[in-house]
C-alpha cells in the first residue's frame, strides 16, 4: 500500500505545483480572481487529483492481474495507428497529415482524410471502436467483422448499454466508416504510397436504435450478413503490420485517448528497439500532436504516460528528457506483454 501511495503522489504532484505557480503569478500581478473562478480552479485540481488516484489504482490492479499465471489478453492494433495518431479533439479539418521518422532513417507520412459528406474525421475515443474492429479482423483472418448486436462492443469495453453510450457509438462508427488513410514510406532507395479507404461496405441497419439492445431484424430482401467489411488494401496492410497490446490497459484508458496513444507508442518502441535512441520533441509533435505548437506540453504528457505505464511495467526503459524522449530496448527481454505466446516473432494472445 505504501508503494501505491507513493505512486499517487508522483502522478499528481506536478499538477499541484502548477496550480501553486499560477496562484503566485496572479498574486504578483496584483489580480484577484473572483470567488467563482477560485472555486472552479480548486474543483478542477480536485477532479484531476481524484482521476489520477483512480487511474493509479486501476493500473496497480492490472499489474497484479497481468503478473498472474494466465497470459494477458492481447489486442492487435494497426501499426499505422501506433505510429501516427488521430486527433484528440473534434476538428473542422477534412485532412490531417502526420510524419514519423523511423529508427532506420526511413520516413512514414500518414494522411487521414474524411470522405463522407458532413461527417468529420474520427477523434478522441473513436479509436476504441477502430481498435476493437481491427483486432477482430486480424484474429479471424478475414476482412469481414460480424457485428450482430450493438452491445458486443459496449460489453467488451465494460461500458453500460445506456442511451448516451449508444449515441456515442453511432457517431464513432459514422466517422470511422468515412475515413481514408494514405501511407507513404520513403527510404533511401524507394518511395511507396498506399491509399486505403478503411471500409469497403457495412450492413448495420439504422445504426443504432438506442431503445433496443440489438440491431433490428433484417428485411427479407436483405441477404447481406450484418457487420463491417474492411477494404482489401487496408486489410492487407493491417495483416502485415500490427502491434500486440494488452487489452485490459486499452479498456482502462478508453476515455484517455492521448495517454493510450503514448503508452502504445512507448510499448512498441521498447518492443522493437535494438539500441537506445532519443526522439526530439518536435519530431513527436509532428508525429502525434501537430495541433499543439508547444513542445513542452507533449513532453509533460509523455512524462505522465511513462509514470503511469511503469506502474504496470516497472522495467520500461524510457525517460522524458529535456532534449527528447529517451527510449531503449527491453531489458533482458522483459516487455509489457511478457508471458504472451510468440508466433514467428510476433506476439499473440
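A few remarks follow.
- Meets criteria (within 29 Å of residue 111 (Cβ to Cβ) and surrounded by 22 or more Cβ atoms within 10 Å (Cβ to Cβ)) for residue 293: no
- Looking at 42, 49, 101, just one residue is at pLDDT below 70, touching a helix residue (DSSP H, G or I) at 6+ places or on another chain (Cβ under 9 Å) and either closer than 21 Å to residue 309 by Cα or surrounded by 11 or more Cβ atoms within 10 Å (Cβ to Cβ) (or both), and that residue is 42.
- Some residue of the stretch 53-65 being free of Cβ contacts under 8 Å to residues at least 60 places away in the same chain and in the same structural domain as residue 201 (by TED's automatic domain parsing): no
- Evaluated against (1) in contact with a strand residue (DSSP E or B) (Cβ under 6 Å, 6 or more places away or on another chain); (2) assigned to a helix (DSSP H, G or I), residue 173 falls short on exactly one condition, (1).
- Scanning the stretch 158-188 for residues that are surrounded by fewer than 18 Cβ atoms within 10 Å (Cβ to Cβ) and in contact (Cβ under 8 Å) with a residue 60 or more places away in the chain turns up 158, 182, 184, 185, 186, 187, 188.
- Meets criteria (outside any strand (DSSP E or B) and surrounded by 16 or more Cβ atoms within 10 Å (Cβ to Cβ)) for residue 72: yes
- Residue 314 vs. criteria outside any helix (DSSP H, G or I) and under 24 Å from residue 51 (Cα atoms): yes
- Residue in the stretch 146-153 that is free of Cβ contacts under 8 Å to residues at least 60 places away in the same chain, in a helix (DSSP H, G or I) and over 26 Å from residue 241 (Cα atoms) present: no
- Selection status of residue 206, more than 21 Å from residue 108 (Cα to Cα), part of a strand (DSSP E or B), out of contact with any helix residue (DSSP H, G or I) (no Cβ under 9 Å at 6 or more places or on another chain) and at pLDDT below 85: no
- Count of residues meeting criterion [more than 18 Å from the chain's Cα centre (by Cα), part of a helix (DSSP H, G or I) and either free of Cβ contacts under 8 Å to residues at least 40 places away in the same chain or not assigned by TED's automatic domain parsing to the domain that holds residue 185 (or both)] in the stretch 110-145: 1
- Listed by position, the helices (runs of 4 or more DSSP H) enclosed by the stretch 225-304 that each have at least 1 residues that are under 24 Å from residue 55 (Cβ atoms), outside the structural domain of residue 182 (by TED's automatic domain parsing) and touching a residue at least 60 places away in the same chain (Cβ under 8 Å) are 247-252, 257-272, 281-288.
The values are calculated or read from the model by the stated rules, or taken from the named source; none is laboratory data. Computed from a predicted structure; not experimentally measured. As a convention, Cβ positions derive from the backbone with ideal geometry for all residues, glycine included, and neighbour counts pool all protein chains shown.
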